[in-house]
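One structure is given here, and the rest of the page talks about it.
The values are calculated or read from the model by the stated rules, or taken from the named source; none is laboratory data. Quick caveat: nothing in here was measured; it's all calculated off a predicted structure. Heads up, the Cβs are rebuilt from the backbone with ideal geometry, glycines too, and the neighbour counts pull from every protein chain shown. Heavy atoms of the whole protein, side chains included, go into the accessibility calculation; ligands, DNA and RNA do not. Shrake-Rupley method; radii C 1.70, N 1.55, O 1.52, S 1.80 Å.
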Amino acid sequence: MTGTTGRRRHSPAVYRRRRLVTLLALLLVIAGVVWLVVAQPWRGSADDAGSDTTSTSETVAEQAGADELPVPESTTATGATPDAGASASASATPGATASAAPCLASDIDVVAVTDKESYASGQHPKLSIKLTNTGEDCTMNVGTSTQVFTITSGDDTWWRSTDCQGEPSDMIVLLKADQTVESATPLEWDRTRSSVSTCDSDSRPTASGGGATYNLSVEIGGILSLEATTFLLY
């Protein structure tokens, strides 16, 4: 018997079903790729937490310089001049208004600080302000526009930082509860008498030595230091 054997041909309906299954599989693959690109499931909650760009008033205020106080600059040729390192903190003067309430004077302890208790002839006292917030979180203007350093001898006021101060500026910062901050760089006194009329003079009277007693008082944000700090000049 003669004849040929061939493959069994499927009906058109079978081919249509196969093409449909192939097309659905391709669509599923494409959808999966799109989801991986757009949704990026590998970027978990840790990345999400780190990418939070919400800037709180507290953070902004801290960036404005809450850890250190700016240093007043003098326009005098021979008067007190801050060290070069002071410019970094002074440049942060724009400040930021935080959401906390303004500080109460009763919650802020201000202390006048000198680097030594006595100074030999030719040595210049270095002066700083230290303040501590003993209350709740609060905001305060600690800019150079609110700082005053005053040196007296008895009833005689010898030197005041505001007599020849140049370009005072504001800096509103957030002070946290129990936080202590201090001048970024000490302000140096050249041992001469200050006066608004002698800012450019190079012949201002020089403070007496020989163990003479002087007192430093400071003010910041309208709050006076608790007491004067005494030092001796030789």
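The mean accessible area for residues of segment 88-234, using a 1.4 Å probe and ignoring ligands and nucleic acids, is 46 Å² per residue. Database remark: amide H of Gly135 closer than 5 angstrom to the amide H of Asp178 (H placed geometrically; neighbours at sequence offset of 5 or more, or on other chains; Pro and chain starts carry no H).
Non-local amide H neighbours of Trp158 (under 5 Å, H modeled in plane, Pro and chain starts lacking H): which ones? So Trp158 has HN proximity to Ile151, Thr152, Ser153.
Residue by residue, segment 178-187 carries 3J(HN,Hα) couplings of 6, 7, 10, 10, 9, 3, 4, 9, x, 9 Hz when phi is fed to the Karplus relation 6.51 cos²θ - 1.76 cosθ + 1.60 (θ = phi - 60°); x denotes Gly or Pro.
Using a ≥ b ≥ c from the Cα gyration tensor of segment 145-217 (square roots of the eigenvalues), is it rounded, prolate or oblate, where a/c under 1.5 gives rounded and otherwise the larger of a/b and b/c decides, a/b for prolate?
Numbers: a/c = 2.76, a/b = 1.61, b/c = 1.72.
Cα axes put segment 145-217 in the oblate bin.
For segment 129-187 and segment 205-222, what is the centre-to-centre distance using only Cα atoms, to the nearest Å? Each part reduced to its Cα centre gives a spacing of 16 Å. Partners of Lys176 within straight-line reach, counting lysines whose Cα lies under 19 Å from its Cα and excluding those fewer than 8 residues away in the same chain: Lys130. About the centre of its Cα atoms, segment 171-210 shows a dipole size close to 120 debye [charges on the beta carbon of Lys, Arg (+1) and Asp, Glu (-1) only; nearest 20 debye].
For Ser106 and Ser197, the FRET efficiency from 1/(1 + (r/R0)^6), where r spans their Cβ atoms and R0 equals 35 Å, is about 0.40.
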